[in-house]
């Protein structure tokens, strides 16, 4: 699960805020949903587009859609991932982890399109 790591407590947690700090051209809001300043966490889990993609993919792959729904928004991608993987039957975790990598990668690619 270490293939994608986002730590919301580091200075590098936000693509937009890093660019803002360096005074480079950037979007003030998420370019996908025009929501809050873009972070890896927002882009991959909290953005309305990401939530919609996760719901569809989890449904197609016959995983519980509740894995993406949270009572409290997660603070880190990797903590959400580890918690979600624990809820998946052990014999399905490899498939689940592959799906997570695939979805995260494609969300990032879509953001940069």
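Using a simple spin-label model with pseudo-atoms 7 Å out from Cα toward Cβ, residue 51 and residue 28 lie 2.4 nm apart.
Distance between the modelled labels on residue 90 and residue 65, one decimal in nanometres: 3.0 nm (7 Å Cα→Cβ projection). Based on C-alpha pairs under 8 angstrom that are at least 6 apart in sequence, region 40-111 has a relative contact order of 38 percent.
Readers should treat all values here as calculations from the given coordinates under stated rules, not as data from a laboratory. Keep in mind it's a predicted model, so treat the numbers as computed, not measured. Cβ sites come from the backbone with ideal geometry, for glycine too, and all protein chains shown count toward neighbours.
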